[in-house]
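In what follows, a single structure is set out as structure tokens and then discussed.
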Amino acid sequence: MESQNILNAQAELWNQTFSFVKSLTLKCAIELGIPNAIHSHGQPMTLSELHTALSLPACNKTNLLRLVRMLTHSGFLMVQNTGKNNEEVYDLTPISRLVINNSDSTSSLSSFVLGILQFTLVKPSFHLGDWLKQDKLEPFEMAFGCTFWELAGKLPDFNTLFNGAMTSDSSFLSQFIVKEHGNVFQGISSLVDVGGGCGSVATAIAKAFPKIECTVLDLPQVVGHLPSNGLVKFVSGDMFSNIPRADAIFLKWILHDWCDEDCIKILQRCKEAIPSKEDGGKVIIVDIVVGSDVGSINHQPQLLFDMMMMTLTKGKEREENEWSNLFKEAGFDSYKITASLGVRSIIEVYP
């Protein structure tokens, strides 16, 4: 029995050791266009049909089988014995449907997955151990000799890929924000989306609530070239210096990028930009609250993102008491957390 326990432990150790292969298999499936191929086919596909649709060399048909075997094991695809001659056929699952790219899907998460799994974002993790032994450079700086934001300013391709990932996530999440949490925008006549990129969330808010005047504030390299889309105004600026005045300031996945001191500065600029609570002023934050009740979803994604923030930036994912301390230090009086956006929450903060 003791021997079996040790062997089971070894198997679990292997499972954790090779977890990176699971991520890269997912990346490969999206790059090959497997979800798109099955979706376009309109029904489950045999291996031969999938191999033909992907236009892969004949010599790689067996390798494709090995790939889809892993994808079915991970839950990305499902397999059934319903093809011709009882041949196995492969179909999409709720997970793989999230990365379909077609004219009917404006909220595909394929760009998010590919943006996160680019080598630039993976490489800093190899420096994590060395970083923990010293108190100077961040892991990202150890890998590239500059901060994440500095590299984004230097490398247009990297900046485009990262912004594409964030836009993908924003387009996906905005549908749930406006449809299921529209009450947070009641009584608001103006809103500034700080760090809102190309304006995916702000545009969704403006469409759902036409009476709200929406503005996106972001760095010049992000919004300087973007024309008004008739719904959202784009303003180049620095959230650490000044935020345009509005009834509400919106911060989606912004504060987790920064250390506590910087978050307090950002929140102070937010407080300066909004009216009192009595006059409807508030800050709306969409971010992770570690340990919040996420229902049937486990907390591991929250912890994984925290580790990613530790390697890429000086930021972190925060527990409620950590959020509370930030709000207090920035001069806010109260807040309300609604944990109903998957692993993320909506936090309404009042001056």
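Among the residues of segment 99-111, at least one is over 30 Å from Met309 (Cα atoms) and touching a residue at least 60 places away in the same chain (Cβ under 8 Å). For Gly129, the criteria (1) without any contact (Cβ under 8 Å) to a residue 12 or more places away in the chain; (2) within 17 Å of Lys314 (Cβ to Cβ) hold in every case but one, which is (2).
The number of residues in segment 8-37 that are small (Gly, Ala, Ser), more than 19 Å from the chain's Cα centre (by Cα) and farther than 19 Å from Pro57 by Cα comes to 3.
Filtered by the rule that a residue be surrounded by 18 or more Cβ atoms within 10 Å (Cβ to Cβ), under 23 Å from Val201 (Cβ atoms) and under 17 Å from the mean Cα position of the chain (by Cα), segment 310-340 gives Leu312, Thr313, Gly315, Lys316, Glu317, Arg318, Ala339.
Restricted to segment 124-153, and to residues that are of a type in the set (Asp, Glu) and under 24 Å from the mean Cα position of the chain (by Cα), which residue is surrounded by the fewest Cβ atoms within 10 Å (Cβ to Cβ)? Among residues in segment 124-153 that are of a type in the set (Asp, Glu) and under 24 Å from the mean Cα position of the chain (by Cα), the one surrounded by the fewest Cβ atoms within 10 Å (Cβ to Cβ) is Glu150.
Residue pairs whose Cβ atoms lie under 6 Å apart, separated by 6 or more positions or on different chains, with the first residue in segment 44-63 and outside the structural domain of Asp91 (by TED's automatic domain parsing) and of a type in the set (A, V, I, L, M) and the second modelled with pLDDT of 95 or more and assigned to a helix (DSSP H, G or I), do not occur. Note on segment 319-338: residues that are part of a loop (DSSP other than H, G, I, E, B) and hydrophobic (A, V, I, L, M, F, W, C) amount to 2. Among the numbered conditions (1) under 21 Å from Ser174 (Cα atoms); (2) surrounded by 14 or more Cβ atoms within 10 Å (Cβ to Cβ), the only one that Asp293 does not meet is (2). For Gly230, the conditions (1) surrounded by 13 or more Cβ atoms within 10 Å (Cβ to Cβ); (2) over 29 Å from Asp306 (Cβ atoms) all hold with the exception of (1). Here Ala339 meets each of (1) on the phi > 0 side of the Ramachandran plot; (2) at pLDDT below 95 with one exception, condition (1). Within the set Leu155, Leu132, Leu137, Leu67, the sole residue that is of a type outside the set (Asp, Glu) and not assigned by TED's automatic domain parsing to the domain that holds Asp238 turns out to be Leu67. Those strands (runs of 3 or more DSSP E) of segment 199-253 in which at least 1 residues are among the hydroxyl-bearing types (Ser, Thr, Tyr) and within 26 Å of Phe112 (Cβ to Cβ), considering only elements entirely within it, cover 213-218, 232-236.
The values are calculated or read from the model by the stated rules, or taken from the named source; none is laboratory data. Values in this document were obtained by computation on a predicted structure and should not be read as measured data. As a convention, Cβ positions derive from the backbone with ideal geometry for all residues, glycine included, and neighbour counts pool all protein chains shown.
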